[in-house]
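Asker: Here it is, the structure in full.
The values are calculated or read from the model by the stated rules, or taken from the named source; none is laboratory data. The structure presented is a predicted model; accordingly, all values stated were derived computationally and were not measured. Quick reminder, even Gly has a Cβ in these numbers, built from the backbone with ideal geometry, and neighbours come from all protein chains shown. Note: areas computed on protein heavy atoms with side chains; ligands, DNA, RNA excluded. Shrake-Rupley method; radii C 1.70, N 1.55, O 1.52, S 1.80 Å.
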Amino acid sequence: MLTLYSYWRSSAAYRVRIALGLKGLAYRQVPVHLVKDGGQQHAADYKALNPQELVPLLVEGDARIAQSLAILEYLDETHPQPGLLPRDALQRAQVRALALHIACDIHPLNNLRVLQYLSGPLGVADEAKSAWIRHWVETGLHAVEEGVANWSGPLSLGERPGYFEACLIPQLYNARRFDCDLSACPRLLAIAARCEPLEAFQQAAPEAQPDAQ
């Protein structure tokens with residue numbers, strides 16, 4: 001069985017939980033608390049599994065796959081149906097570009113370890129840190145909003161969510177958590193309204209996880 005090392009509020013782990021749900025794959029979840037005990041991801045036993053000291057980590061047999069997008073690609077290649085990406089090469093590239101913008105350009109700037117460094121060694125006040133988060137999340141999501149403007153269907157796979165939505169919904173969760181202004185993102189909010197009621201998204205939601213607090 002697949003084993004997912006996860007943290008309930010990690011948006012990267014949230015992406016993988018959505019993808020596993022969309023594919024209907026059973027998995028065992030092992031919580032790794034990113035704050036408790038100084039961050040359980042830094043413990044020697046977990047570091048031995050994942051030297052990056054991050055979640056998620058997917059384990060299948062002797063295979064260990066870190067990084068959420070690498071995991072999504074692995075799942076799509078080893079369990080191809082239902083697919084997470086469009087069949088058309090150009091459409092696949094466009095979906096990947098938007099997903100990468102979320103995962104690599106937006107998410108890292110509101111990631112827990114970055115925020116801890118701002119508050120700790122750099123001594124950034126809470127108000128300034130919140131302004132930092134909102135600026136980068138809103139700026140990034142505005143670009144994603146433009147990126148979906150010419151889609152032929154309501155979701156990345158027409159009527160079906162996939163790779164892109166697995167990245168978008170966790171980032172919108174973070175945006176709401178940090179009180180970002182999403183009024184300029186009606187298309188993204190419409191995508192969320194279609195996805196969030198679906199079972200795969202409901203079961204993957206942070207509050208539905210066994211370690212939710």
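Asker: So which residues in the range 203-213 are within 16 Å of Y27 (Cα to Cα) and surrounded by 12 or more Cβ atoms within 10 Å (Cβ to Cβ)? Walk me through how you get there before you give the answer.
Answerer: Here is the first cut: in the range 203-213, the residues within 16 Å of Y27 (Cα to Cα) are 203-205, 208-211.
Matches in the range 203-213: Q203, A204, A205, A208, Q209, D211.
Asker: Could you list, in sequence order, the residues of the range 94-114 that are modelled with pLDDT under 95 and either under 15 Å from G158 (Cα atoms) or within 15 Å of the chain's Cα centre (by Cα) (or both)?
Answerer: Looking only at the range 94-114, we keep the residues that are modelled with pLDDT under 95, and these are 107-114.
H107, P108, L109, N110, N111, L112 - these are the residues of the range 94-114 that are modelled with pLDDT under 95 and either under 15 Å from G158 (Cα atoms) or within 15 Å of the chain's Cα centre (by Cα) (or both).
Asker: Looking at (1) assigned to a loop (DSSP other than H, G, I, E, B); (2) among the polar types (S, T, N, Q); (3) more than 18 Å from the chain's Cα centre (by Cα), can you tell me which one Q91 breaks?
Answerer: Evaluating Q91 over (1) assigned to a loop (DSSP other than H, G, I, E, B); (2) among the polar types (S, T, N, Q); (3) more than 18 Å from the chain's Cα centre (by Cα) leaves (1) as the failure.
Asker: Ok, one more. Which pairs turn up if I take residues in the range 174-197 that are open to solvent by less than 80 Å² (accessible area, probe 1.4 Å) and look for partners that are part of a helix (DSSP H, G or I) and among the aromatic types (F, W, Y) with beta carbon separation below 8 Å, at least 6 apart in sequence or on another chain?
Answerer: C195/F201
Asker: So which residues in the range 11-31 are crowded, with 24+ Cβ neighbours inside 10 Å and either assigned to a loop (DSSP other than H, G, I, E, B) or of a type outside the set (A, V, I, L, M, F, W, C) (or both), if there are any at all?
Answerer: Start the filter on the range 11-31 by keeping residues that are crowded, with 24+ Cβ neighbours inside 10 Å, which leaves 11, 13-20, 22.
Scanning the range 11-31 gives S11, Y14, R15, R17.
Asker: Looking at this structure, is E145 acidic (D, E), in contact with a helix residue (DSSP H, G or I) (Cβ under 7 Å, 6 or more places away or on another chain) and either surrounded by 21 or more Cβ atoms within 10 Å (Cβ to Cβ) or modelled with pLDDT under 95 (or both)?
Answerer: Working: acidic (D, E): yes; in contact with a helix residue (DSSP H, G or I) (Cβ under 7 Å, 6 or more places away or on another chain): yes; either surrounded by 21 or more Cβ atoms within 10 Å (Cβ to Cβ) or modelled with pLDDT under 95 (or both): no.
The answer is no for E145.
Asker: Is it true that V137 is crowded, with 18+ Cβ neighbours inside 10 Å, in contact with a Lys or Arg (Cβ under 8 Å, 6 or more places away or on another chain) and not polar (S, T, N, Q)? Can you show your working first?
Answerer: Details: crowded, with 18+ Cβ neighbours inside 10 Å: yes; in contact with a Lys or Arg (Cβ under 8 Å, 6 or more places away or on another chain): no; not polar (S, T, N, Q): yes.
No: the conditions fail for V137.
Asker: Among the residues of the range 63-85, is any more than 20 Å from I18 (Cβ to Cβ), assigned to a loop (DSSP other than H, G, I, E, B) and free of Cβ contacts under 8 Å to residues at least 12 places away in the same chain?
Answerer: Filtering the range 63-85 for residues more than 20 Å from I18 (Cβ to Cβ) gives 63-64.
Imposing the further condition that a residue be assigned to a loop (DSSP other than H, G, I, E, B) reduces the set to none.
No, the conditions are met nowhere in the range 63-85.
Asker: Sticking with this structure for a sec: Taking L69 as the residue in question, decide whether it is at pLDDT below 95, open to solvent by 20 Å² or more (accessible area, probe 1.4 Å) and under 16 Å from H107 (Cβ atoms). Full working, then the answer.
Answerer: Details: at pLDDT below 95: no; open to solvent by 20 Å² or more (accessible area, probe 1.4 Å): yes; under 16 Å from H107 (Cβ atoms): yes.
When the stated conditions are applied, L69 does not pass them.
Asker: Scan the range 32-48 for residues that are of a type in the set (A, V, I, L, M, F, W, C), open to solvent by less than 70 Å² (accessible area, probe 1.4 Å) and at pLDDT below 95 and jot them down.
Answerer: Within the range 32-48, just L34 meets the criteria.
Asker: Any residue in the range 148-156 that is open to solvent by less than 50 Å² (accessible area, probe 1.4 Å) and touching a Cys at 6+ places or on another chain (Cβ under 8 Å)? So that I can check it myself, show each step before the final result.
Answerer: Let us first name the residues in the range 148-156 that are open to solvent by less than 50 Å² (accessible area, probe 1.4 Å), namely 148-149, 153-156.
Remaining after also requiring touching a Cys at 6+ places or on another chain (Cβ under 8 Å): 155.
There is at least one residue in the range 148-156 that is open to solvent by less than 50 Å² (accessible area, probe 1.4 Å) and touching a Cys at 6+ places or on another chain (Cβ under 8 Å).
Asker: With the structure loaded, tell me whether L112 is aliphatic (A, V, I, L, M) and touching a residue at least 24 places away in the same chain (Cβ under 8 Å) or whether it fails that test.
Answerer: Values: aliphatic (A, V, I, L, M): yes; touching a residue at least 24 places away in the same chain (Cβ under 8 Å): yes.
Yes.
Asker: With the requirement that a residue be free of Cβ contacts under 8 Å to residues at least 40 places away in the same chain, among the charged types (D, E, K, R) and open to solvent by less than 80 Å² (accessible area, probe 1.4 Å), what does the range 87-109 give you?
Answerer: D88, R92
Asker: Which condition number does L112 fail, the rest of (1) open to solvent by 50 Å² or more (accessible area, probe 1.4 Å); (2) more than 29 Å from Y74 (Cβ to Cβ) being met?
Answerer: With (1) open to solvent by 50 Å² or more (accessible area, probe 1.4 Å); (2) more than 29 Å from Y74 (Cβ to Cβ) applied to L112, the lone miss is (2).
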